[in-house]
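Worksheet: the structure to be examined is printed underneath.
The values are calculated or read from the model by the stated rules, or taken from the named source; none is laboratory data. All values derive from a computational prediction rather than experimental measurement. No Cβ is skipped: glycine too gets one built from the backbone with ideal geometry, and neighbour counts run over all protein chains shown.
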Amino acid sequence: MEDWQTAFEQAGWKNAILAREWPEADTTMSLEDARFSVIRYFASDIQNACGPNVHDPRSGEILESHIGWYHDVMRLVKNWYTTQVGAVDARARPNTFDDNLMGELIRFVAAHEVGHTLGLRHNFGASHATPVEKLRDQAWLSENGHTSSIMDYARFNYVAQPEDGVTDLIGRIGAYDRWAIEWNYKPIYNTNSQEEDRKILNKWYLDKAAGNRALHFLTEQSTFDPRAQSEDLGNDAILASEYGIKNLQRILPNAIEWTREEAKDYTRAEEVYDNVFGQFRRYIGHVTKWVGGIFDTPKTFDQSGVIFEPAPKDMQKRAVSFLQTNLFQPPMWLMDQEITNKIKAENGVKQLADLQQSTINSLYSTDRLQRLIDASALNPETYSLEEFFNDMHNGIWSELKTGSIPSVYRRNLQKIHLEKIIALIETAASSNGTIGTYFRSTSSVDPVLTDIRSLSMGMLKEVHADLKKLIKRTPDRLTKFHYQDCLKRIEKALEMEDE
Ligand SMILES: [Zn+2]
């Protein structure tokens, strides 16, 4: 709680916030008493915490808080810590953490909740201010931390590699938090109206924060700004995720060894496996959001430049390429038999297909496709719908060009892709897409009335022609059946003459 003192000092207040242990001996005091602001513990298996406040709506003055601490938030941070930095910090590996480490993790969550109580919202854009390579630089990290705000969901430094010697792995109060407290709490003297106050606040903002990326705020509610994401790190989600995956590949083979306990079953090892898979899914989500991404930078009239602009083409192309390499080519490192044959009956074929399917559904959601159409309409330098269709087609159907035999994972993927494209040409006005949410525009997209349908049909015809050529000379029986099946599906969807 008292970590926030540095922020209040920057705003001109000393000893502004002090924490005391609850005096158990004093029977006249009650946690329910509105005169006391408290952090209260709940004996609950909910993996969360909350930081509410009661404030006077006329002045904004915060009157009271009762931060809630559910017991199993400690299980949550333990699992995150093992999964994100287990390759770098040996303390992250035992089934039970030592009290010093758990104390640091509790401090990290408590500071975040106190931030809410003081009036701060989530700043999901804070972590994007940090260049990814700085996440591997201990000197830089000890100065700045891995994110400029504890109010981001930027948990632990999963980018740092074992050879980097980084010990700064846990989020803490940063430059944005100190600035936000300064802006909110620094007294303004000798003014006569709210209008004058507002002008002074705006001048502070323009002088101090507007030009400093580390002090920027991005909402937690943007469905299309890839810089504003939860659980991500650094200014390049593709590079950060590559480093993150390298660490997951170091952690997973140790799942049995790290959780080994005499006379116990493999429940803990299964937990490690599931958390590694979940973390991998997060990286896939972070990268996916770059495709068709639109930056949404809040600005006042006093600032120059645009508010909305498409994410750079190079990032969008790299994002699709990352997905081809790390997800559409099967991530065999996740199918580690040494572990899966101890924890589940399946070997991950369906689990991987499900993740591929949800990613493909997200990539081809009509709102994302409409953003690609919009972004390239007036600017040919922007990543276009046609390029996206080409890049996806070339990766997912690469066997049609190379003639190599697709594995079971690739056959599943090709069927999933085919069905999604067919759905796009068959989806009439009952569109599921909306352009953005919240208070932005919410008009729905009908793919039949756009190039989405034309490109989908064109792609199906190209796949059809390639399949026709290849099917005769494919030596593998199952591959031949797979291709025949794909051909039939395309012919039915395009109402082609049966041959
Ligand atoms: Zn929060």
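A few remarks follow.
Each row is one residue, and each column tells you yes or no for (1) part of a helix (DSSP H, G or I); (2) surrounded by fewer than 14 Cβ atoms within 10 Å (Cβ to Cβ); (3) at pLDDT below 95.
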| position | (1), (2), (3) |
| --- | --- |
| T325 | yes, yes, no |
| P330 | no, no, no |
| Q356 | yes, no, no |
| Y383 | no, no, no |
| M392 | yes, no, no |
| P406 | no, no, no |
| Q414 | yes, no, no |
| L418 | yes, no, no |
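- In the stretch 38-72, the residues that are within 26 Å of E24 (Cβ to Cβ) and not in a strand (DSSP E or B): A43, S44, D45, I46, N48, G51, P52, N53, S65, H71, D72
- Identity of the residue in the stretch 17-35, of a type outside the set (D, E, K, R) and touching an Asp or Glu at 6+ places or on another chain (Cβ under 8 Å), that ends up surrounded by the most Cβ atoms within 10 Å (Cβ to Cβ): I17
- Residue in the stretch 73-93 that is assigned to a loop (DSSP other than H, G, I, E, B), in contact with a Phe, Trp or Tyr (Cβ under 7 Å, 6 or more places away or on another chain) and closer than 29 Å to L334 by Cα present: yes
- Taken over the stretch 424-460, residues that are modelled with pLDDT under 95, surrounded by 14 or more Cβ atoms within 10 Å (Cβ to Cβ) and small (G, A, S) amount to 4.
- Under the condition of being closer than 26 Å to D232 by Cα, more than 14 Å from the ligand (Cβ to nearest atom) and at pLDDT below 95, the residues counted in the stretch 40-93 number 0.
- Any pair with Cβ under 6 angstrom, 6 or more apart, that starts in the stretch 86-113 at a residue that is assigned by TED's automatic domain parsing to the domain that holds H71 and ends at one that is away from the ligand (no atom under 16 Å from the Cβ) and aromatic (F, W, Y): A92/Y81; R93/W258
- Scan the stretch 357-378 for residues that are more than 16 Å from K317 (Cα to Cα) and more than 24 Å from the chain's Cα centre (by Cα) and the total you get is 3.
- Against the test of being loosely packed, with under 15 Cβ neighbours inside 10 Å and either within 16 Å of the ligand (Cβ to nearest atom) or not β-branched (V, I, T) (or both), the options D207, D236, D164 yield a single qualifying residue, D207.
Here is a yes/no grid of residues against (1) among the hydrophobic types (A, V, I, L, M, F, W, C); (2) surrounded by 15 or more Cβ atoms within 10 Å (Cβ to Cβ); (3) out of contact with any helix residue (DSSP H, G or I) (no Cβ under 7 Å at 6 or more places or on another chain); (4) more than 30 Å from E270 (Cβ to Cβ):
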| site | (1), (2), (3), (4) |
| --- | --- |
| S304 | no, no, yes, yes |
| I307 | yes, no, yes, yes |
| Q316 | no, yes, yes, yes |
| A319 | yes, yes, no, yes |
| Q337 | no, no, yes, no |
| N347 | no, no, no, no |
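- Qualifying position, being surrounded by 14 or more Cβ atoms within 10 Å (Cβ to Cβ) and touching a Ser or Thr at 6+ places or on another chain (Cβ under 9 Å), among Q351, Q370: Q370
- Residues of the stretch 119-152 satisfying the condition of being crowded, with 18+ Cβ neighbours inside 10 Å and within 12 Å of the ligand (Cβ to nearest atom): L120, H122, N123, F124, S149, I150, M151, D152
- Which listed residue is over 27 Å from A377 (Cβ atoms) and assigned to a loop (DSSP other than H, G, I, E, B), from L233, L248, L252, L239: L233
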